[in-house]
């Protein structure tokens, strides 16, 4: 029987880590992810885990230690947010290029400056091209469920890449929800024992990690990384099926909500998907054919799934909880438009920046986006420029 509990997102992820009992966890505290290393330290001190916790002097050092321990053959996790993730930036590329399946809990928070400790996706989206897989949660249950899947996907023989397991700071990380935990025995069976093929502490193998890569080989290694990212698509679905068999909870690259006959659609990521679903329900009750596409996996990007979900849609709003400063919209907008190019030319498109720096996003705000989509359908025109939602005058 599943275990019923009331937990915050940070508590849920910490319990997932405790149940996995990884070999090593280097971490440095930063709001709003600080609770995760705190909880793990308490679990270790209480004898509930035998993970080696490595306190470090910075997030750059935390990721460096992760690279060292994972290279040595240890299953390794960490947690960070915002500027902590930015400080890791150099080492994110090293971890991915060395094909080290580190699992990192990212509790999304705005990047400074100005200084802001509230939620948006500027931290993980800023690292979207670092070679890490990225999977996002709508709520605490998904944050918990995703962590197990993230680790298993990253460790998949055809993938061998690090994974960011993302949840929204404060909105998900600190809000308490009712949820279901999995029995630890089932978790152990699902995760299995970590048995790396190559690792530094193997006495029977000579191995170098992170050597200089000359021009004659560098491109081939980058291509191999790209193939691993492509392979992750099948691994994500394979692991999701195993997880569904264990828990009954179904996951995929995206989640479609009321999309069967939708004419107006919203593409969104993270906790705001719950607000979008509520707006969709209210509009459906009023006879509006609204739908929501929640992007769960951002890397690898689910281009084919989104295009398939948009068949029959007349207008779509792509929602970005970060500003890319490209003067052409947000990262989600760029990815979705590229996916649609040449395939859905008759669908009207607009891109919104919303909720950055923790700006509250209400049901009525998102209903107003659907109203704009309805106007686009009437005029037959898409806005020439991307827009900001709920911006003060």
Fill in: Peptide ranges 173-179, 8-14 listed from the most packed, as the mean C-beta count within 10 angstrom indicates
8-14, 173-179
Item to complete: Would you work out the relative contact order for segment 254-388, in percent, from Cα pairs under 8 angstrom that are 6 or more residues apart?
Response: 28 percent
Practice prompt. Report the FRET efficiency, 1/(1 + (r/R0)^6), for residue 346 and residue 198, where r is their Cβ-Cβ distance and R0 is 56 Å, rounded to 0.05.
Written response: 0.65
Discussion item. Springs between alpha-carbon pairs under 10 angstrom, Gaussian network model over the chain: which of 374, 208, 338 fluctuates most?
Written reply: 208
Worksheet entry | Cα-Cα separations in segment 128-246 greater than 25 Å, expressed as whole percent | 37 percent
Worksheet item: For segment 1-124, what is the convex hull (Cα atoms) projected area averaged across all directions, in square nanometres?
Response: 8.4 nm²
Discussion item. Between segment 249-282 and segment 3-28, what is the separation of their alpha carbon centroids in Å?
Written reply: 27 Å
Item to complete: Compare 297, 227, 94 in a GNM of the chain, Cα atoms joined below 10 Å, and give the one with the largest fluctuation.
Response: 227
Worksheet entry | FRET E, pair residue 393, residue 129, Förster distance 30 Å, beta-carbon r, rounded to 0.05 | 0.30
Item to complete: Could you let me know the centre-to-centre spacing of segment 141-202 and segment 101-135, using Cα atoms, in angstrom?
Response: 17 Å
Discussion item. Given contacts defined as C-alpha pairs under 8 Å and at least six residues apart, what's the relative contact order of segment 101-170, whole-number percent?
Written reply: 48 percent
Worksheet item: What number, in percent, do you get for the relative contact order of the chain if the mean sequence gap of Cα pairs under 8 Å and at least 6 apart is divided by its residue count?
Response: 16 percent
Worksheet item: What does the convex hull of the alpha-carbon atoms of segment 254-388 project to on average, in nm²?
Response: 7.5 nm²
Fill in: Difference of contour (0.36 nm per residue) and Cα-Cα distance, residue 371 to residue 245
41.4 nm
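No value in this document is a laboratory result; all are computed from the given coordinates. Bear in mind that the values here come from a model prediction, so they are computed numbers and not experimental data. Neighbour counts run over all protein chains shown; Cβ positions are idealised from the backbone, glycine included.
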